[in-house]
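Working notes, beginning with the structure itself.
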Amino acid sequence: MRKGPRNCYLTARVLSDLSQLTAAEMLGVDSATLREYESGRRRVPDDIANSMMDLYHAEWLGYKHLRNSAVGKRLLPDIDCERGIAACAINALLVSSVFSSTVNKLLEIADDDFIDHEEEATFGDICGNMKLIIGACMAVAVRGHKKTARVGTRTVYVCK
């Protein structure tokens, strides 16, 4: 179950303990523009997202920003920022161990540098497992320390 606001830009700002006005000034944008970013009514440009990552000390925000694009959704697996570092690390190890059992099959498929029709489904499954590994590893790599904040009446748990 998701806790807190769905907009990652709002979440990152709240977790950094900055007011909307202060953040807007530091980002060099109008507070109305920041409000539109945080409500999802306006797309956040890459340079502003990059500045937000620095200002809010939130590497995970860059990953979430990339996932907001159609290409990002297609190529980047979603990551769970609501887990602690221990849970993320354990998940990465578990997912990796599942993949390691399929490495030999991948080598057999790739040996002739061609994916036969009979191999397509297995290869698709292996690629799906690879995306799980990438997501699990990225969840560890971009998360930082777990931090909580109050947003209205809700408690937000996200990676910092």
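Across the stretch 33-78, which residue is farthest from the chain's Cα centre (by Cα) among those that are within 12 Å of residue 9 (Cβ to Cβ) and β-branched (Val, Ile, Thr)? So, considering only residues that are within 12 Å of residue 9 (Cβ to Cβ) and β-branched (Val, Ile, Thr), the one farthest from the chain's Cα centre (by Cα) is 33. For the stretch 96-115, the tally of residues that are surrounded by 10 or more Cβ atoms within 10 Å (Cβ to Cβ), of a type outside the set (Ser, Thr, Tyr) and in a loop (DSSP other than H, G, I, E, B) stands at 1. Among residues of the stretch 69-80 that are exposed (fewer than 14 other Cβ atoms within 10 Å of the Cβ), none has a Cβ under 8 angstrom from a residue that is of a type in the set (Asp, Glu) and outside any helix (DSSP H, G or I) at a sequence gap of 6+ or on a separate chain.
Applying the criterion of at least 3 residues that are among the hydrophobic types (A, V, I, L, M, F, W, C) and surrounded by 15 or more Cβ atoms within 10 Å (Cβ to Cβ) to the helices (runs of 4 or more DSSP H) found wholly in the stretch 1-61 leaves 8-15, 20-27, 46-56. Any residue at all in the stretch 82-95 that's out of contact with any strand residue (DSSP E or B) (no Cβ under 7 Å at 6 or more places or on another chain), under 24 Å from residue 15 (Cα atoms) and in a loop (DSSP other than H, G, I, E, B)? Yes - at least one qualifying residue is present in the stretch 82-95.
Since every read-out is calculated from the coordinates, none of them should be taken as a lab result. Worth saying up front: this structure is predicted, and the values here are computed from it rather than measured. All Cβ positions, glycine included, derive from the backbone under ideal geometry; neighbour counts span all protein chains shown.
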